[in-house]
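> Sharing a structure here in structure tokens format.
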Number of protein chains: 2
Amino acid sequence: MTPASLRGDPLPKTAGIILIGNEILSGKVTDANAAYLCREFRTLGVDVRRITVIPDEVELIGKEVSEFARDYDYVFTSGGVGPTHDDVTMEGIARGLGVPVVRHPELVARLRALYQEHLNEARLRMAEVPEGAELLASDLRFPAVMIRNIYVLPGIPEIFREKFEAIKERFRSVPFHLKSIYVRIGEGVLAQHLNEMLQRFPRVQCGSYPKLSHPEYKVRVTLESQDPLYLEQAFADLMARLSPGDVVKIE
Amino acid sequence: MTPASLRGDPLPKTAGIILIGNEILSGKVTDANAAYLCREFRTLGVDVRRITVIPDEVELIGKEVSEFARDYDYVFTSGGVGPTHDDVTMEGIARGLGVPVVRHPELVARLRALYQEHLNEARLRMAEVPEGAELLASDLRFPAVMIRNIYVLPGIPEIFREKFEAIKERFRSVPFHLKSIYVRIGEGVLAQHLNEMLQRFPRVQCGSYPKLSHPEYKVRVTLESQDPLYLEQAFADLMARLSPGDVVKIE
């Protein structure tokens, strides 16, 4: 694929998502945060380039975070923040960035207000951040933590979404436009039509997703672009190559 | 965490999972294969160490696969095999391993029997494999492809599972045993109990998973080990630290 930078397109911002969680790798929990974030970023016009799931281990987290922070415009982590022994995300990020872990005075004050005389050492761990971290969304009960281009969110889906909702406007860019064509022909016949369309419209993102034993269609074809006119042209080109009877529905 | 190799435990085999799919990164499809594979491997006694989701790009696939093949005992890929332009997994793996893509004679014969006079160039792409690939589960309509320690499965969940079911016994090892304790105390209080238990039983895998606004419990604690006696001892130790009223249920 020709990189977008050589095609003259507006270059979308990129994101990488790191899920920190033994519970996902051991099959006890199915993650919902990555799929949510991918949908949100698509709507905002941000290109998610990679998702990775790694265990709750300081060294691994540090290595992964520092690579992502170099490779993508935005990095999101999910999970591993909290008061227990397996909450090592902050320590991992600090290690990866080569900075110490410090107690953030504003977070300590929040915890003190929240727990009052029940504030203990375990709960104070929730005030620990990599040195240099900033707080976002301060109107939430507990703010979101950002350091450089890394956004550190908790794994609990309700809180993950609450925090993302509070900061999402800072990521808004040129949205992606999408057309889906559901066809009753198989990929073996469809492939040539797609290849011919892509020769004329190489900048459209085209996906082909077969569905087994669906009563109505065999393949969902998706066309996407940040340029709505270009998308319409590629769509019309492909439609002209298909027989009217091939198409089940368009979305 | 002390690596298992220094603890004198039997060292479990490790696995890495690579999902190849723009459709996941762009939020159009929620993957089900990784969660399925994590559950299966846990039952089989294999330790999944990493999941990654990357786009349908040859260079990226090659780099990822060769790193995984070096780092883990078993590598599974999901997606990107088929007749269309976005099916570049085989090419990516070949690139990563430094071997050419070849048409496998047995796969060509299968396709010829399946499609007869409708066999075309697009469908013949499904016979392409990295040189040196082996076929497994030959009694399936279409076999599974393995090269070195890499198992190449299609993204369609029904076929992914069918192929894995057909080959899973080759991965069976010492299973992990799991105990879950659901408690009505929060992590801020629980943390100290867990830390004390872990000082006595450092080899047990312990997770702490808070649940928001559940009517019955606040946190699910999980203890795991491949050694059932050690697990029972760690479990009894933790139970003795909790007040009887703290525990909602045990699984």
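The values are calculated or read from the model by the stated rules, or taken from the named source; none is laboratory data. What you see is a predicted model, and the numbers here were worked out from it, not measured in a lab. All Cβ positions, even for glycine, are placed from backbone atoms using ideal geometry, and neighbour counts span all protein chains on display. In case anyone asks, the SASA skips ligands and DNA or RNA and just uses the protein heavy atoms, side chains included. Shrake-Rupley method; radii C 1.70, N 1.55, O 1.52, S 1.80 Å.
> In the range A:189-207, what count of residues is obtained for those that are at the interface with another protein chain (Cβ under 9 Å from one of its Cβ atoms) and over 24 Å from B:GLU117 (Cα atoms)? Outline the logic, then answer.
Pass one, the range A:189-207, residues at the interface with another protein chain (Cβ under 9 Å from one of its Cβ atoms): A:189-192, A:194-195, A:198, A:205-207.
Subset that is over 24 Å from B:GLU117 (Cα atoms): A:198, A:205-207.
Adding up the residues that qualify gives 4.
> Go through (1) assigned to a helix (DSSP H, G or I); (2) among the small types (Gly, Ala, Ser); (3) at pLDDT 95 or above one by one and return the number of the condition B:GLY188 breaks.
Against the list (1) assigned to a helix (DSSP H, G or I); (2) among the small types (Gly, Ala, Ser); (3) at pLDDT 95 or above, B:GLY188 comes up short only on (3).
> Also: Taking B:VAL219 as meeting all but one of (1) in contact with a helix residue (DSSP H, G or I) (Cβ under 8 Å, 6 or more places away or on another chain); (2) closer than 15 Å to B:ILE250 by Cβ; (3) open to solvent by 30 Å² or more (accessible area, probe 1.4 Å), write down the number of the exception.
Unmet condition: (3).
> Among the residues of the range B:84-123 satisfying the criterion of being open to solvent by 50 Å² or more (accessible area, probe 1.4 Å) and among the small types (Gly, Ala, Ser), which is nearest to the chain's Cα centre (by Cα)?
B:GLY98
> In the set A:LEU229, A:LEU212, which member is part of a loop (DSSP other than H, G, I, E, B) and among the aliphatic types (A, V, I, L, M)?
Checking each option against the conditions leaves just A:LEU212.
> Mind checking which residues of the range B:129-153 are open to solvent by 10 Å² or more (accessible area, probe 1.4 Å) and over 17 Å from B:LYS168 (Cβ atoms)?
Once the filter is applied, which keeps residues that are open to solvent by 10 Å² or more (accessible area, probe 1.4 Å) and over 17 Å from B:LYS168 (Cβ atoms), the range B:129-153 yields B:GLU131, B:GLY132, B:ALA133, B:ARG141, B:PHE142, B:ARG148.
> For B:ARG172, indicate whether it is more than 12 Å from every other protein chain (Cβ to nearest Cβ), more than 26 Å from B:LEU11 (Cα to Cα), of a type outside the set (Phe, Trp, Tyr) and out of contact with any Cys (no Cβ under 9 Å at 6 or more places or on another chain).
Details: more than 12 Å from every other protein chain (Cβ to nearest Cβ): yes; more than 26 Å from B:LEU11 (Cα to Cα): no; of a type outside the set (Phe, Trp, Tyr): yes; out of contact with any Cys (no Cβ under 9 Å at 6 or more places or on another chain): yes.
Taking the combined requirement at face value, the residue does not satisfy it.
> Okay, next question. Inside the range A:10-41, can you point out the residues that are more than 8 Å from chain B (Cβ to nearest Cβ), surrounded by fewer than 20 Cβ atoms within 10 Å (Cβ to Cβ) and part of a helix (DSSP H, G or I)?
Within the range A:10-41, just A:TYR36 meets the criteria.
> Can I ask one more? Any residue at all in the range A:115-124 that is farther than 24 Å from A:ALA34 by Cβ and of a type in the set (Phe, Trp, Tyr)? Spell out the reasoning first.
Taking the range A:115-124 first, the residues farther than 24 Å from A:ALA34 by Cβ are A:115-124.
From what is left, the residues that are of a type in the set (Phe, Trp, Tyr) are A:115.
There is at least one residue in the range A:115-124 that is farther than 24 Å from A:ALA34 by Cβ and of a type in the set (Phe, Trp, Tyr).
> Oh, and also: For the range A:199-215, enumerate the residues that are open to solvent by 40 Å² or more (accessible area, probe 1.4 Å) and closer than 24 Å to B:THR30 by Cα. Don't jump to the end; show me each part of the working.
First, the residues of the range A:199-215 that are open to solvent by 40 Å² or more (accessible area, probe 1.4 Å): A:199-200, A:202-203, A:205, A:210-215.
Residues satisfying the conditions are A:GLN205, A:PRO210, A:LYS211, A:LEU212, A:SER213, A:HIS214, A:PRO215.
> May I ask you to list pairs of residues, at least six apart or on different chains, whose Cβ atoms are under 7 Å apart, with the first in the range A:228-245 being under 15 Å from A:GLU196 (Cα atoms) and the second being part of a helix (DSSP H, G or I) and of a type in the set (D, E, K, R)?
A:ASP237/A:ARG200; A:ARG241/A:GLU196
> Would you confirm, using the coordinates I've provided, whether B:THR84 is touching a Lys or Arg at 6+ places or on another chain (Cβ under 9 Å) and modelled with pLDDT under 95?
Numbers: touching a Lys or Arg at 6+ places or on another chain (Cβ under 9 Å): yes; modelled with pLDDT under 95: yes.
When the stated conditions are applied, B:THR84 passes them.
> Ok, one more. So if I check each of A:ARG184, A:ARG203, A:ARG220, which one is basic (Lys, Arg) and either assigned by TED's automatic domain parsing to the domain that holds A:THR43 or more than 29 Å from the chain's Cα centre (by Cα) (or both)?
Working: A:ARG203 fails: either assigned by TED's automatic domain parsing to the domain that holds A:THR43 or more than 29 Å from the chain's Cα centre (by Cα) (or both); A:ARG220 fails: either assigned by TED's automatic domain parsing to the domain that holds A:THR43 or more than 29 Å from the chain's Cα centre (by Cα) (or both).
Exactly one of A:ARG184, A:ARG203, A:ARG220 is basic (Lys, Arg) and either assigned by TED's automatic domain parsing to the domain that holds A:THR43 or more than 29 Å from the chain's Cα centre (by Cα) (or both), namely A:ARG184.
> With the structure loaded, tell me whether A:PHE160 is in contact with a Ser or Thr (Cβ under 8 Å, 6 or more places away or on another chain) and over 15 Å from A:ILE93 (Cα atoms) or whether it fails that test.
Values: in contact with a Ser or Thr (Cβ under 8 Å, 6 or more places away or on another chain): yes; over 15 Å from A:ILE93 (Cα atoms): yes.
It is true that A:PHE160 is in contact with a Ser or Thr (Cβ under 8 Å, 6 or more places away or on another chain) and over 15 Å from A:ILE93 (Cα atoms).
> Taking the options A:GLU158, A:GLU165, A:GLU169, A:GLU196, name whichever one is touching a residue at least 12 places away in the same chain (Cβ under 8 Å), in a helix (DSSP H, G or I) and open to solvent by 40 Å² or more (accessible area, probe 1.4 Å).
Working: A:GLU158 fails: touching a residue at least 12 places away in the same chain (Cβ under 8 Å); A:GLU165 fails: touching a residue at least 12 places away in the same chain (Cβ under 8 Å); A:GLU169 fails: touching a residue at least 12 places away in the same chain (Cβ under 8 Å).
Of the residues listed, the single one that is touching a residue at least 12 places away in the same chain (Cβ under 8 Å), in a helix (DSSP H, G or I) and open to solvent by 40 Å² or more (accessible area, probe 1.4 Å) is A:GLU196.
> Right, another one. Within the range A:60-84, which residues are free of Cβ contacts under 8 Å to residues at least 40 places away in the same chain, out of contact with any strand residue (DSSP E or B) (no Cβ under 7 Å at 6 or more places or on another chain) and farther than 18 Å from A:GLU134 by Cα?
Correct list: A:GLY62, A:LYS63, A:GLU67, A:ARG70.
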